Amino acid sequence: MTSCEVLLPGTRRALLHRVATAQSEGRTPSLVAAVRREGRTAWSGACGGVDGHEPDGNTQFRIGSLTKTFTAVLVMRLRDEGLLDLDDPIETYLPGTGVGQVTVFQLLGHSGGLGAETPAPWWERTPGTVRPELVDVLGGQPLLHPSGHGHHYSNPGYTLLGSLVERLRGEPWADVLRREILEPLGMDRTTPQARAPHAEGWAVHPWADVMLPEPAEDLGLMAPAGQLWSTTTDLLSFAAFLAQGDERVLCASSVAEMRAPAAPSEPDDRTGAYGLGLQVLRRGDRTLLGHSGSLPGFLATLLFSVEDDVAAVVLTNATSGPLTGTIAADLIRIVADAEPRMPEPWRPLPEVDQELLALTGPWYWGTQVHALKLLADRGLEFEPLRGVGRAARFRARPDGTWVGLNGYYAGETLRVVRAEDGTVDHLDLGSFVFTREPYDRTAAIPGGVDADGWRGIAP
């Protein structure tokens with residue numbers, strides 16, 4: 001086992017114990033894990049053997065469906081370049097697939113209604129040459145559910161997205177992936193085919209401590225759904241990108257778009273949702289993002305918490321056994337709970353607009369009181385002061401208005417409405433009127449205010 005001298009001894013011990021327990025109880029030949037915090041690898045650990053020694057951050061494991069997140073990033077790049085719109089039907093670019101008006105957005109979030117798997121034989125244990133064309137991947141009845149009505153995980157859906165990338169780029173998916181994501185992020189140990197040192201995939205007998213080697217097939221057209229091999233070091237770099245963005249690959253706002261839930265969860269799933277190529281999980285009060293993956297002989301999970309600035313990767317070489325998603329979530333919890341992230345120090349704004357400063361403080365929607373706060377770059381924050389209400393942050397626009405960034409008011413416009421003499425009459429937020437006094441009789445309140453004003457009731 002190994003560890004880095006970044007975390008406290010008690011935290012490192014807890015992480016090592018969690019990994020050792022997972023390898024032992026999960027009965028896997030080897031398991032390697034690593035944690036990234038505040039921009040660097042904070043801890044790594046392993047149990048078991050690969051070629052006679054424990055795996056490390058440079059040892060490749062197959063990562064299965066974690067590949068889908070890479071494919072999703074490539075599609076978002078195409079969108080940002082104006083080469084497609086997420087609401088475009090996939091038939092616009094890949095005619096004849098038989099999936100009707102299923103959109104790019106729906107394929108990214110698994111809400112297109114496509115089947116979960118390809119027609120037999122099982123695609124994960126057979127070569128891609130068995131499915132040379134998209135019709136072989138999709139089958140005669142590709143749609144099993146109404147499009148856009150809910151989440152239904154689909155591996156063939158990501159084959160379509162990979163083919164979309166190839167159609168618009170005019171070159172193989174793997175080449176586009178290397179040039180547009182892997183090389184800019186320095187992920188030289190993430191490859192479509194295994195490169196030494198790498199783990200071998202194994203099936204462990206459920207009732208005896210014996211193993212059977214698993215085949216490592218080239219998945220052909222299904223590669224964008226699950227082909228890649230990678231390492232904990234590379235995947236921690238990818239996690240940092242998914243949390244913050246990188247202008248060389250995808251800007252922060254587009255990465256944040258991927259992290260937002262894109263479709264309703266399945267009715268019996270109360271723990272999470274799915275964004276655009278990313279799983280969105282709730283673990284207690286913590287939101288974790290990332291993806292899991294499995295192929296015969298391998299299990300993998302990458303998770304990260306934006307709020308805690310902690311990411312974890314767990315890789316193992318067994319078909320079943322260790323619950324890598326639970327392990328990764330536990331590693332994040334151990335670090336975040338034992339050594340909470342230090343808050344950023346308070347600093348005053350470098351400059352302030354006096355007219356904006358005059359807008360801060362209490363505002364009333366009817367009788368409900370809200371507080372308006374001034375942020376950096378002329379941004380605003382609006383939140384209720386009593387009870388539960390609609391809080392939101394706003395970004396300044398060049399025209400003197402603000403646009404909502406989150407919650408109920410996301411995308412809505414906040415503007416200052418002035419009286420004829422130039423004084424502020426009220427704030428208009430998506431047609432809601434906020435005044436300096438509750439039902440201010442001097443302001444333009446819809447419906448007006450009773451002329452007799454406020455009153456009591458005689459006993």
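Selection over region 122-145 of residues that are more than 22 Å from Gln193 (Cα to Cα) and loosely packed, with under 11 Cβ neighbours inside 10 Å gives a count of 2. When you go through (1) closer than 18 Å to Thr71 by Cα; (2) assigned to a helix (DSSP H, G or I) one by one for Glu171, which number turns out not to apply? Among (1) closer than 18 Å to Thr71 by Cα; (2) assigned to a helix (DSSP H, G or I), Glu171 violates only (2). Somewhere in region 291-302, is a residue farther than 30 Å from Trp202 by Cα, touching a Lys or Arg at 6+ places or on another chain (Cβ under 9 Å) and at pLDDT 95 or above? No, region 291-302 has no match at all.
Of the residues Arg12, Arg36, the single one that is surrounded by 19 or more Cβ atoms within 10 Å (Cβ to Cβ), part of a helix (DSSP H, G or I) and either in the same structural domain as Ser294 (by TED's automatic domain parsing) or not aliphatic (A, V, I, L, M) (or both) is Arg12.
Conditions tested, residue by residue: (1) out of contact with any Ser or Thr (no Cβ under 9 Å at 6 or more places or on another chain); (2) of a type in the set (Phe, Trp, Tyr).
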site	(1), (2)
Thr11	yes, no
Ala14	yes, no
His17	yes, no
Val35	no, no
Arg40	yes, no
Ala46	no, no
Val50	no, no
Gly57	no, no
Phe61	no, yes
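For region 296-317, which residues satisfy the criterion of being more than 18 Å from Arg36 (Cβ to Cβ) and buried (at least 24 other Cβ atoms within 10 Å of the Cβ)? First the steps, then the outcome.
To start, the set of residues in region 296-317 that are more than 18 Å from Arg36 (Cβ to Cβ) comprises 296-299, 316-317.
Listed by number, the residues that qualify are Gly297, Phe298, Leu299, Thr316, Asn317.
State whether one or more residues within region 443-458 are outside the structural domain of Val306 (by TED's automatic domain parsing) and in a strand (DSSP E or B).
Scanning region 443-458 turns up no residue that is outside the structural domain of Val306 (by TED's automatic domain parsing) and in a strand (DSSP E or B).
Out of the residues in region 421-459 that are among the aromatic types (Phe, Trp, Tyr) and surrounded by 10 or more Cβ atoms within 10 Å (Cβ to Cβ), which is nearest to Thr367 (Cα to Cα)? Here the answer is Tyr439.
On the given criteria, is Pro132 modelled with pLDDT of 90 or more, closer than 16 Å to Pro224 by Cβ and either of a type outside the set (D, E, K, R) or in contact with a helix residue (DSSP H, G or I) (Cβ under 8 Å, 6 or more places away or on another chain) (or both)? Write out each step before concluding.
Numbers: modelled with pLDDT of 90 or more: yes; closer than 16 Å to Pro224 by Cβ: yes; either of a type outside the set (D, E, K, R) or in contact with a helix residue (DSSP H, G or I) (Cβ under 8 Å, 6 or more places away or on another chain) (or both): yes.
For Pro132, the condition - modelled with pLDDT of 90 or more, closer than 16 Å to Pro224 by Cβ and either of a type outside the set (D, E, K, R) or in contact with a helix residue (DSSP H, G or I) (Cβ under 8 Å, 6 or more places away or on another chain) (or both) - is met.
The number of residues in region 196-218 that are surrounded by 12 or more Cβ atoms within 10 Å (Cβ to Cβ) and assigned to a loop (DSSP other than H, G, I, E, B) comes to 9. The number of residues in region 31-52 being touching a helix residue (DSSP H, G or I) at 6+ places or on another chain (Cβ under 6 Å) and farther than 15 Å from Leu331 by Cβ comes to 1. Among the strands (runs of 3 or more DSSP E) confined to region 349-392, the ones with at least 2 residues that are of a type in the set (A, V, I, L, M) are located at 368-374.
Among the listed residues Asp234, Asp188, identify the single one that is among the acidic types (Asp, Glu), in the same structural domain as Leu160 (by TED's automatic domain parsing) and either surrounded by fewer than 23 Cβ atoms within 10 Å (Cβ to Cβ) or more than 22 Å from the chain's Cα centre (by Cα) (or both). Walk me through how you get there before you give the answer.
Details: Asp234 fails: either surrounded by fewer than 23 Cβ atoms within 10 Å (Cβ to Cβ) or more than 22 Å from the chain's Cα centre (by Cα) (or both).
Criteria check complete, one pass: Asp188.
A single member of Gly321, Gly361 is over 30 Å from Gly148 (Cβ atoms) and surrounded by 14 or more Cβ atoms within 10 Å (Cβ to Cβ), and it is Gly321. Filtering region 242-254 to residues that are surrounded by 20 or more Cβ atoms within 10 Å (Cβ to Cβ) and either under 12 Å from the mean Cα position of the chain (by Cα) or outside the structural domain of Glu180 (by TED's automatic domain parsing) (or both) leaves Leu242, Ala243.
A count restricted to region 70-95 and to residues that are surrounded by 23 or more Cβ atoms within 10 Å (Cβ to Cβ) and either modelled with pLDDT under 95 or hydroxyl-bearing (Ser, Thr, Tyr) (or both) stands at 1.
The values are calculated or read from the model by the stated rules, or taken from the named source; none is laboratory data. This one's a predicted model, so the numbers in the text were calculated from it and none came from an experiment. Cβ sites come from the backbone with ideal geometry, for glycine too, and all protein chains shown count toward neighbours.
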